[in-house]
1. Name every residue in segment 1-49 that is in contact with a helix residue (DSSP H, G or I) (Cβ under 8 Å, 6 or more places away or on another chain) and in a helix (DSSP H, G or I), in order of residue number.
2. Within segment 17-42, which residues are among the aliphatic types (A, V, I, L, M) and either open to solvent by 80 Å² or more (accessible area, probe 1.4 Å) or in contact (Cβ under 8 Å) with a residue 60 or more places away in the chain (or both)?
Amino acid sequence: MKRIDLDDLPPKLAQLLASVEEGEELLLVQNGGVAGRLTGGTPVAETPADPEEPTNERAAEVFENFRAAMEDEF
């Protein structure tokens, strides 16, 4: 999936993209021809990649794996 950060766009363009309603289409035109089409949908809440809280045991395990990998490599 491709991603566009609205904070990186000019404010007028960001507002236009953010205001597309569910089911509404936005046509992208370049040199008089259709370059793409976006269809508005409901915003999807981002879920955290790793929902479990890090623990000292997990941190020790990760560090030990890293140390072992470094020793094996060098």
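1. LEU6, ASP7, ALA14, LEU17, ALA18
2. Of everything in segment 17-42, those that are among the aliphatic types (A, V, I, L, M) and either open to solvent by 80 Å² or more (accessible area, probe 1.4 Å) or in contact (Cβ under 8 Å) with a residue 60 or more places away in the chain (or both) turn out to be LEU27, VAL29, VAL34.
The values are calculated or read from the model by the stated rules, or taken from the named source; none is laboratory data. On a predicted model such as this, the values are computed, not experimentally measured, just so you know. Cβ sites come from the backbone with ideal geometry, for glycine too, and all protein chains shown count toward neighbours. Keep in mind that these areas ignore ligands, DNA and RNA; they rest on the heavy atoms of the full protein, side chains included. Shrake-Rupley method; radii C 1.70, N 1.55, O 1.52, S 1.80 Å.
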